[in-house]
Structures are given as structure tokens and as C-alpha cells.
Amino acid sequence: MAIKRLDRTARQIVYAVQEYSLFAWRALTNLYRPPIYWSEFLMQADIIGVGSLSIVILSGISTGGVLALQSAATLSAFGATAVTGQFVSLTMIRELGPVLTGIMVSGRNASSMASELGSMVVTEQIDAMRALGVDPMRKLVTPRIFSSIAMLFFLTIVSDACGIFGGGLVTVLMNHQNGTQYFSMAWEHLRFPDIVQGLVKPLFFGYILGSIGCYYGMNTTGGTQGVGRSTIQAVVTASVLIIFVDFLITQILLTLFSGWM
Amino acid sequence: MDVSSTFSQAALPSPDLPGSGPVVAFHNVTIAFEGPPVLENITFSVAPVETRILLGPAGVGKSVLLKLIIGLLRPDAGSVTLFGQDISSMPEEKLFPLRARTGMIFQEGALFDSLSVRDNVAYQLIQQGKVTDADIDARVREALRFVGLEETFSLFPDSLSGGMRRRVAIARGLINDPELLLYDSPTGGLDPVTSTNIIELIVKQRDVNRTPSLMVTHRLQDAFALCTHHYDTECGCMVPLANGEVDPNTTFLMLNEGRLIFDGTLHQLLHSEDPFVREFLQ
């Protein structure tokens, strides 16, 4: 009995991975064949990008500030508080900026995509769209995924800048250190691989949060309760995948740029 | 009530016009969802200018059958032909142009709640991008006038009643002059007055535009009204056919336990010896 259950669960997992892969691939390739709904891209870019700006700015400033506080406390033991700027900027740009922004935006937008599309599925609006001769993958899914990718890229830059600025505020106002030194250290020790790491990651994270949110939404079953379930699954899966993929990308990029470091 | 002796066939053209193939044809169609088949070995067709009424108890697979017609669901076995093309395994991309030639009215209307009535009704035209805004407005007003809801042009679906939503859905289904109409329980859960209004619209569409259609319902009174009435363009209303005649282009199908147990005219339905048909009619 237990083996049968295990077998069924394993099959379901393999089937879900297969379905998700096909779904994500189809959404990706839709960009190369007309019709392309540019107005939908712009609308989603506004919802995802402009709509998430406030939470990204706030979380960026707070994270940079916390980094400055924590690092100054530790670095002062070695008499190295002067490198606070370098520590904050590298941590924000290489790691925390992309990951935090990815998780914050997935919390807001993967859930919103899953619930919006899920509601459309259970009220037959998706079927109605197909019946009216419009492909919901092209009209609803592809614009959401590519808007997520584009907007997460820019939101990550905003988050990085806010984090460095927040660290600077804490350094000057609370740690009473020199601001010029903080910002010059933050800038001077940045290398090309750091920038590449920080800007490549959001492209993958945007794809993950957009495709996961849409996948769970489009596969919603079980009425309004199912919509709630899809929303939770979308946020949890997107967040976990972002952290896992971050590990993989970091490892790959560190290997690729090992000569630069 | 013995209604069988009340009706006779009206002298109207036969649906099986020579030289014209069926608009829809099912051949031994079977479909299942994790369990026993929902529909099994279903074979029937819808001829040009024919209106078919699909009867059956709730949950018997009537809506599934409608979705199979336009490829929203795919059969596990058998073939579905729409406008002469086998769509059983047709890629989704190739299905969209065929679906655009049909009009489907969903059970609860399935209006897009983030769009106004105007944008809902004009959805197909807007997506096609071939019609100017002024023409779209004119055609939307004409479609809304047809269903008697011109005043809802700028409203949103959440401010409409259930009956109004169904009528807007009918307007949306009609705007692109479909070659086939599919009604999924258009009167389900509505009060008798609203139901009659909607049946009148269906009769009007049948008699004025001669569009072939398939209507799913489990309400006998609606099915019989469709069969025994015609649309009088002079009075602009639905009136009973003279001398108890019935529309010969309006025929019946009945599903039970996944099988098609009846396919014929109202007269044949009323004289059927099938125990389930008799029980259903009573």
C-alpha cells in the first residue's frame, strides 16, 4: 500500500515537472511568433514594476542598513570598519539585492498571477477566451512572464542602489563614520563579475516567478478553495526555487569568473 | 399530460439540405477523467440550419460534449468534425480560427469581469484588430439591442443580474456572425420570465439568422418552447406555431449515464419507449 502511494506520488511529481517544463517552454517560444500582445506587456510591466517599487525600495534600504549595522559591529573588532562600504555593496549587488527582490516580488506578483488566472479558470473565463479564438497562453501568460523578467532586472538595480544608500545612512548617522569613505569603498571595489552576477540572477528569478505564478493559476482546480491553494503553492514554490537556483547560478558564475576574482 | 398528440410537423425545409455536410459530427466519441467514461461512443451530427436540443440530467456530461465540439476538450477515442475538419487531434493554434467561427454561451456567462460590457461583447473584434473603434461601437450596440440590453453598454459585469449576464453572453456570442451557436444551459437557475426572454432570443436567432445551434438544457419547458414557437418579425416576439405544429429543424438528443439514448424529433421523443426517456418526460 505504502509503495503504491509512493509510486503514485513519484508519478505525480514527474508529471508536474513535465507539464511545467512544457508550459514554460511554450510561453517562452510564443515571443517569436505573432500575435504578440504588446499592450498586455506594458500593462503587466506597470503592475509588476511600478506596483512593486515601494516594497523594493523599503526592503532595500532596510537590508542595506542592517548589513551596515551588523558588519560595523563585527569589523570594528578587527579595526576594519573602513571596508563597511565594500561589504555592503558587494553583498547587496551579488546576493541580497537579486534574491530579496525576487522573493519580495514573487510574494506580491506570483500570488497575484496565480489568484487572478485561477479565478479566471474556475469561472470559465479562460475557456471563454479560447472559445472566442484567443490563445490565453499568448494573451495572459507570455506577457506576464516577460514583464516579470524585464521588471525584476530594473527592480534589482533599484534595490541594490537603495541598499547601498541605506547602508550609507546607517554608517554616517548611527555609526558616525565618514560617508565619503563609505561610498568610495562601495564603488572602488566593485568588479565586472560582481555586476554580471547581480544582473544575470534577476533574469532567471523573473522567469521563475512569472512562469510559476502563471502555471499554478492556469492549472487551478476545485473552485475558490482551489484558487487559494494555487496562490499558496505559487508563492512557496517560486520562493524556494529562487533560493535554489540562486545557489546554482552563483556556483556557475563563480566558476566562470574564477580568473577575474 | 399526453402532449404527444398535440404536435405535428410544420411544413418547413428539412435540415439535411442536399450537398451540404454537417456542421458538427461526432463519431464514436469517448472521453473519461480519472474514472469511468463521462461520455461513451457518442455519435450524432448537427446539419446546417438545424437546432439540436441536448437533454439529460445534471452531471451527465452535457457541458463536456459542448466543449468537445470546439476542441476545448479532446476525446480519448473517436472523432469530432467541425465545419468538415477533424479536430480530434488538431493543434491548438489551428483550432483558434475554427473557434472564431462559432459562438459559445457558457453556463454562467463567463464574462470577463475586468472588462466593460462593451469590451466583453466586442472582445473578438478587438482581438482581430481589423475593425475601427466606431464600427466596433456600432456593432456592439446592435448586438446589445438584439438582446434588449443597449443601456448596459458602459457597465461592468458585476453590476448586472444573472439574466442580464446571460444575455450579454449571447450578444458576445453573436457579434461575429457565427456559423454555429452553442448554448450551455442558458436558462439554468433563472426565473421563468428571464428564462422565457432568453428562449425568445434563441428562437429569434434561429428563425432570423438561420444559424445552426446546439442547446444544452435539462428544462423540458424551454426545450418544448423552442420546438413549438417561431419568431414573428412583425410583432417582434415569439409566438406559438399554428395548429400545434413543431419546427422540423429543431430536434432532440438525450444523454444518460454517458451514452446517447435518444436522437430524433419531438414527435419521436414523446413516443419513445425508452424507460429513462419516459421517466425524464414525466
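Since every read-out is calculated from the coordinates, none of them should be taken as a lab result. This one's a predicted model, so the numbers in the text were calculated from it and none came from an experiment. Every residue, glycine among them, receives a Cβ derived from its backbone with ideal geometry; neighbour counts consider all protein chains shown.
Can you say what percent of the DSSP beta bridges in chain B, counting only those with both residues inside, are antiparallel? Round to 5.
Here the antiparallel bridges make up roughly 55 percent for chain B.
Around the Cα centre of the range A:35-256, unit charges on the Cβ atoms of Lys, Arg, Asp and Glu (plus for the first two, minus for the last two) sum to a dipole of about 120 debye. Taking chymotrypsin sites (Phe, Trp or Tyr not before Pro) across the range A:159-261, the ones in a DSSP loop with at most 14 further Cβ atoms lying within 10 angstrom of their Cβ are A:Trp260. Database remark: amide H of B:Ala47 closer than 5 angstrom to the amide H of B:Val23 (H placed geometrically; neighbours at sequence offset of 5 or more, or on other chains; Pro and chain starts carry no H).
How far is the Cα center of the range A:207-246 from the Cα center of the range A:105-181, in Å? Going from one Cα centre to the other spans 14 Å.
What you get for the range B:103-177, charging only the Cβ of Lys and Arg (+1) and of Asp and Glu (-1), is a dipole of about 180 debye around the Cα centre. With a 10 Å cut-off around each Cβ of A:118-127, the average count of Cβ atoms from other chains is 4. Distance from the Cα centre of the range B:192-254 to that of the range A:46-80, in angstrom? For the range B:192-254 versus the range A:46-80, the Cα centre distance is 69 Å. Restricting the range B:246-282 to GluC sites (Glu not before Pro) that sit in a DSSP loop and have at most 10 other Cβ atoms within 10 Å of their own Cβ leaves B:Glu273. Go through A:Leu140, A:Trp187, A:Gly166 and say which Cα lies farthest out towards the positive end of the charge dipole of the range A:35-256; charges sit on Cβ, +1 for Lys and Arg, -1 for Asp and Glu. Projecting each Cα onto the dipole axis, the largest value belongs to A:Leu140. Of all DSSP beta bridges confined to the range B:173-282, the antiparallel ones make up roughly 70%. Here the dipole of chain B is about 360 debye; that uses its Cα centre as origin and unit charges on the Cβ of Lys and Arg (positive) and Asp and Glu (negative). Dipole of chain B computed with +1 at Lys/Arg Cβ and -1 at Asp/Glu Cβ about the Cα centre; of B:Leu73, B:Ser114, B:Met238, farthest Cα towards the positive end is B:Ser114. For the residues B:Val64, B:Val147, B:Val193, a GNM of chain B with alpha-carbon springs under 10 Å puts the largest fluctuation on B:Val193.
Is the range A:1-75 rounded, prolate or oblate when judged by the Cα gyration tensor, a ≥ b ≥ c being the square roots of its eigenvalues, rounded requiring a/c under 1.5 and prolate requiring a/b larger than b/c?
oblate
Scanning chain A for helices, which whole DSSP H stretches are 30 Å or more long along the axis (Cα) and average 0.5 or more by Kyte-Doolittle? Counting only whole DSSP H runs, the qualifying helices are A:51-75, A:142-169, A:192-218, A:223-256. Which loop GluC sites (Glu not before Pro) in the range B:130-212, with loop taken from DSSP, have no more than 16 other Cβ atoms within 10 angstrom of their Cβ? The qualifying sites are B:Glu179. Distance from the alpha carbon centroid of the range B:106-168 to that of the range B:48-103 works out to 24 angstrom.
Say the cut-off is 32 Å between C-alpha atoms; which of A:Lys139/A:Lys201; B:Lys130/B:Lys204; A:Lys139/B:Lys204 go over it? The answer is A:Lys139/B:Lys204. Counting only residues 5 or more places away or on other chains, whose amide H sits under 5 Å from the amide H of B:Ile261 once H atoms are built in the peptide plane? The answer is B:Met254, B:Leu255, B:Asn256. Of all DSSP bridge pairs formed entirely within the protein assembly as shown, close to 55 percent run antiparallel.
Considering only A:Ser89, A:Phe247, A:Met129, the residue lying farthest towards the positive end of the dipole of chain A is A:Met129, judged by Cα position with unit charges set on Cβ.
Subtracting the Cα-Cα distance of B:Asn28 and B:Phe153 from their residue separation scaled by 0.36 nm leaves 40.6 nm. If a/c stays under 1.5 just call it rounded; otherwise compare a/b with b/c (prolate if a/b is bigger, oblate if not). Do that for chain B, with a ≥ b ≥ c from the square roots of the Cα gyration tensor eigenvalues. The shape class here is oblate.
Less than 20 Å from a label point 7 Å out along the Cα-to-Cβ axis of A:Ile252: which backbone N atoms in the range A:216-241 qualify, by residue? Answer for this model: A:238-241. Treating each Cα of the range A:35-256 as an identical point scatterer and ignoring solvent, apply the Debye formula and state log10 I(q)/I(0) at q = 0.13, 0.16, 0.17 Å⁻¹. Cα-only, vacuum Debye calculation for the range A:35-256: -0.75, -0.99, -1.07.
Can you give the Kirkwood hydrodynamic radius for the protein assembly as shown, in Å, rounded to one decimal and based on Cα pairs?
Final number for the Kirkwood radius of the protein assembly as shown is 26.9 Å.
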